[in-house]
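Student: Here it is: the structure, laid out below.
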Amino acid sequence: MSKFIFFTNAIDQTVHLGEEIGKRLPCGTVVVLRGDIGAGKTCLARGLCIGAGMDDKALFSSPSFTIMNCYPSHGTPLYHCDLYRLKSSEDIEDIGFWDWINGEAIVVIEWPDLVLKELSESYLLIEIAFGVGAEERWISVESNTEPMVSLLKDIAYARVGD
Amino acid sequence: MLVLGIESSCDDTSAAVVQDGEKILSNVVSSQTDLHRQFGGIVPELAARQHIENIIPVIDRALINAGVRMPELAAVAVTARPGLIGSLVVGLAAAKAIAYAAGIPLIGINHIEAHGYANCFAGLNFLQPRIDLIVSGGHTLLIENLGYSGIRVLGGTVDDAAGEAFDKVAKIAGLGFPGGPAIQKVALTGDPHSIPLPRPMRESHDLRMSFSGLKTAVRYFLQNNVNVNISNLAASFQEAVADILTFKACQALRDSGHKILGVAGGVAANTRLREMLGQMCADLGVEFFAPPPILCTDNAAMVAGLAAWKMKAGLVSDLDLNAVATGHPSP
């Protein structure tokens, strides 16, 4: 398991980091996003979806109520899920969650705790923590697959030049 | 002309019978009826499977309450998009079966456009061009509604929906669920100008909105001011949301030149928002419509009502109509 830590100082930077990751994601990737309310999961998810090529940025919105938004894209289909309102693994089954994890789309999952155990371990785990300053965030990105790790190194080094 | 409407895009299962697009003969919503007595238990608030269990009893109840038998129906209308696929398909399957069995037209309806139609039960003429502000837990959109010519999205939230912000702020502040009514109640005794909460993207000079930064600001404020008066916080938050929505609706009216504003969706039940929108419209010389609370949240009457006009326009669906999760809310 390799872990990379990124720091951001503003919402825009969090979105930008998401874009940098999103544009490198291969089809079939599952990204899970953890962090407290207000940490910036949806902002990072917006970056991921924009980076991964969603057709119309204006379509992006939080799926906390709708549970799953699927955005047309010129590349891989994009599923953006939020399990915030679900309470049990029965709920997960009922909404057909496992049909979405089919290797044919990039799937971004907010509040993933109900499904983490059952997801295959090749997902990209992103955790956002509050920093000391109002807009500061520590964003840790973890993966245990070799292609994903080299992707993360790529981003980490690219940011040195920023 | 009697139309049966079916709506199952999110949590609630609903069926309604509407006459000529204007008279609601029945409007049954699963969470708001005593249906659970029929099952001897409580209907859980969320589970797509619940739609399967609810759909037939809800439709039956809608027909019984309306005093209408199936052969009297002129058409059956159903929400086909956007929504959770697993939920939408339940309503679609029922609607198709009824259309096929009764030999009547099937009419697929866009959920967002249907929300806007709620105001046509409150005196709005469907054919008049207007701006619709759709605000709920899942959606926050400004829409140009041209009647027969359909709808066009002008702008909306780039992150949280306004209703979601209410729920999450209520959770952060320990005010309970659902957040909208909880915050509105506590806000009654608070000073809306006591806490300077931000208005993210208010000055963005377009119709995009953002509510997640506002939610985060509330979180920080609570962290740094442990003894804050919660009523003041709730009132200040509600004021900020209503202010952003009103400001953007005003901009949409000015940009488009339309002289009518309709608000709909669950958050449209918020008294302060209605007040502020009403005042803004009065100042602009714009006519303002807001539906009664039962027609703000998801319901099938809006689906059946809109369908009468779709039928007049010849917009009837084939029996292979598919559910679509999301995408542009176009018909």
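Student: Based on other C-beta atoms within 10 Å, arrange B:His258, A:His80, B:His193, A:His74 from fewest to most.
Tutor: Ordered by Cβ neighbours within 10 Å, fewest first: A:His74, B:His193, B:His258, A:His80.
Student: What would the Debye equation give as log₁₀ I(q)/I(0) for the protein assembly as shown at q = 0.06, 0.08, 0.12 Å⁻¹, counting only Cα atoms as equal point scatterers?
Tutor: Results for the protein assembly as shown at q = 0.06, 0.08, 0.12 Å⁻¹ read -0.27, -0.49, -1.09.
Student: Please tell me the relative contact order of chain A in percent, rounded to the nearest whole number, where contacts are Cα pairs under 8 Å and at least six residues apart.
Tutor: The value is 32 percent.
Student: Dividing the alpha-carbon radius of gyration of the range B:220-331 by 2.2 N^0.38 Å (N being the number of residues), what value is obtained? Walk me through the numbers before you get to the answer.
Tutor: Details: Rg = 18.9 Å, N = 112, 2.2 N^0.38 = 13.2 Å.
Ratio of Rg to 2.2 N^0.38 Å for the range B:220-331: 1.43.
Student: Can you compute the modelled spin-label distance between B:Asn125 and B:Tyr100, with each label point 7 Å from Cα toward Cβ, in nm?
Tutor: Roughly 4.2 nm, to one decimal.
Student: Counting alpha carbon pairs within less than 8 Å and at least 6 residues apart, what relative contact order, in whole percent, applies to chain B?
Tutor: With pairs under 8 Å counted, the relative contact order is 25 percent.
Student: Sticking with this structure for a sec: Kindly flag which residue pairs out of A:Lys23/A:Lys57; A:Lys57/B:Lys310; A:Lys3/A:Lys57 have an alpha-carbon separation exceeding 26 Å in this structure.
Tutor: Flagged as over cut-off: A:Lys57/B:Lys310; A:Lys3/A:Lys57.
Student: Then there's this: How high is the relative contact order of the range B:63-189, given as a whole-number percent (alpha carbon pairs under 8 Å, six or more residues apart)?
Tutor: Relative CO of the range B:63-189 lands at 14 percent.
Student: Report the normalised scattering of the range A:1-78 as log10 I(q)/I(0) at q = 0.13 Å⁻¹, calculated by the Debye formula with identical scatterers on the alpha carbons.
Tutor: For the range A:1-78, the Cα-only Debye profile gives -0.39.
Student: Continuing with this model, one more query. Using only C-alpha positions, report the orientation-averaged shadow area of the convex hull of the range B:210-253, nm², one decimal.
Tutor: 3.1 nm²
Student: Quick one: B:Met209, B:Met276, fewest Cβ neighbours within 10 Å first, how do they rank? Intermediate values should be presented prior to the final figure.
Tutor: Working: B:Met209 28, B:Met276 20.
By the 10 Å Cβ count, ascending, the order reads B:Met276, B:Met209.
Student: How long is the gain from A:Ser122 to A:Ser140 if the chain were fully straight, where each residue apart is worth 0.36 nm and the alpha carbon distance is subtracted?
Tutor: Roughly 4.9 nm would be gained on extension.
Student: Can you tally the net charge around B:Gly123? Count Lys and Arg as +1, Asp and Glu as -1, for every other residue whose Cβ sits under 11 Å from the Cβ of B:Gly123.
Tutor: So the environment of B:Gly123 carries a net charge of -2.
Student: Can you pull a Stokes-Einstein diffusion coefficient for the range A:71-150 at 20 °C (1.002 mPa s), Rh from Kirkwood over Cα pairs, as a whole number of µm²/s?
Tutor: 147 µm²/s
Student: For B:Lys312, give me every one of the aspartates and glutamates with a C-alpha distance below 12 angstrom, ignoring sequence neighbours fewer than eight places off in its own chain.
Tutor: Excluding near neighbours in sequence, the set is B:Asp20.
Student: Please find, in a Gaussian network model of chain B (springs between Cα atoms separated by less than 10 Å), the residue of B:Val228, B:Val316, B:Val186 whose mean-square fluctuation is greatest.
Tutor: Of B:Val228, B:Val316, B:Val186, the Gaussian network model singles out B:Val228 as fluctuating most.
Student: Compute the FRET efficiency between B:Ser194 and A:Asp113 as 1/(1 + (r/R0)^6), taking r as their Cβ-Cβ distance and R0 = 30 Å, and round to the nearest 0.05. Can you show the working numbers first?
Tutor: Numbers: r = 36 Å, r/R0 = 1.21.
Step by step, r from the Cβ atoms, then E = 0.25.
Student: Rounded to the nearest whole Å³, what is the per residue volume of the convex hull around the Cα atoms of chain B? Kindly include the intermediate steps, with their values, before the conclusion.
Tutor: On the way: hull volume 41.7 nm³, N = 331.
Spelled out: Cα convex hull of chain B, divided by residues, is 126 Å³.
Student: Is the shape of chain A best called rounded, prolate or oblate, per the rule: a/c under 1.5 gives rounded, else a/b larger than b/c gives prolate, else oblate, with a ≥ b ≥ c the square roots of the Cα gyration tensor eigenvalues?
Tutor: Rounded is the answer for chain A, as its axis ratio a/c remains below 1.5.
Student: In the Gaussian network model of chain A, springs joining C-alpha atoms below 10 Å, which of A:Asp94, A:Asp55, A:Asp82 carries the largest mean-square fluctuation?
Tutor: Looking only at A:Asp94, A:Asp55, A:Asp82, the biggest GNM fluctuation is shown by A:Asp94.
Student: Along each principal axis of its Cα atoms, how long is the range B:79-197 end to end? Whole angstroms, biggest number first, please.
Tutor: Principal axes ranked by extent give 60, 33, 27 Å for the Cα atoms.
Student: For a footprinting-style exposure proxy, rank B:Ile109, A:Ile101 by other Cβ within 10 Å, fewest first.
Tutor: In increasing order of surrounding Cβ atoms, one gets A:Ile101, B:Ile109.
Student: In peptide B:77-88, how many Cβ atoms from other protein chains are near each Cβ within 10 Å, on average?
Tutor: 3
Student: Most fluctuating residue of A:Ile139, A:Ile21, A:Ile95 in a GNM of chain A with Cα springs under 10 Å: which is it?
Tutor: Largest GNM mean-square fluctuation: A:Ile95.
Since every read-out is calculated from the coordinates, none of them should be taken as a lab result. Keep in mind the model is a prediction, meaning the values are calculated, not measured. Don't worry about glycine lacking a Cβ; one is built from the backbone with ideal geometry, like all the others, and counts go over all protein chains shown.
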